[in-house]
Amino acid sequence: MKESCALGGVDDLSSVIASRGVPAIVPGASASAVYARRDDVLLRDVAGEHLLVPVRRNAADLQAIFSLNGIGAFVWGLLDGERTMDAVLAAVLERFDVGAEEAAADLSSFVERLTGAGIVERRR
């Protein structure tokens, strides 16, 4: 049984994959784009919250902590530098009860925001 999915905002997954006949996942990227978590950003679960904590020079940058919901934490785990955006979207669609267009749009927004914040980087 699929989990229900509510999407929107930084901590949620925002464009449908080109191979499915709609815009690319991230503006200027394709469904075959690959993104990876930065090594200096850790996911920590604190009191039921999923927190992304950038760690630089052995200290956390408290101004750059992001809170993720469950689907955001799920996607974070998939941004491994090997999976394409198409594969990440397929995993989201398999696990969560959400339409392809909505999931792709939210995934696009999520990855774009994390990339802009320097938390993930495009590998190819």
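Since every read-out is calculated from the coordinates, none of them should be taken as a lab result. Quick caveat, the model's predicted, so the values are computed rather than measured. Methodologically, a virtual Cβ is constructed for each residue, glycine included, from the backbone with ideal geometry; neighbour enumeration extends over all protein chains shown.
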Exercise for the section: Check the range 68-83 and report whether any residue there is over 16 Å from Arg38 (Cα atoms) and among the charged types (D, E, K, R). Expected result: no
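Tell me which residues, restricted to the range 35-54, are within 15 Å of Gly81 (Cα to Cα) and crowded, with 18+ Cβ neighbours inside 10 Å.
As a first pass, look at the range 35-54 and keep what is within 15 Å of Gly81 (Cα to Cα): 35-41.
Once the filter is applied, which keeps residues that are within 15 Å of Gly81 (Cα to Cα) and crowded, with 18+ Cβ neighbours inside 10 Å, the range 35-54 yields Tyr35, Arg37, Val41.
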Practice task
Assess whether Arg44 counts as being within 22 Å of Ala33 (Cα to Cα), over 15 Å from the mean Cα position of the chain (by Cα) and not polar (S, T, N, Q).
Solution key: no
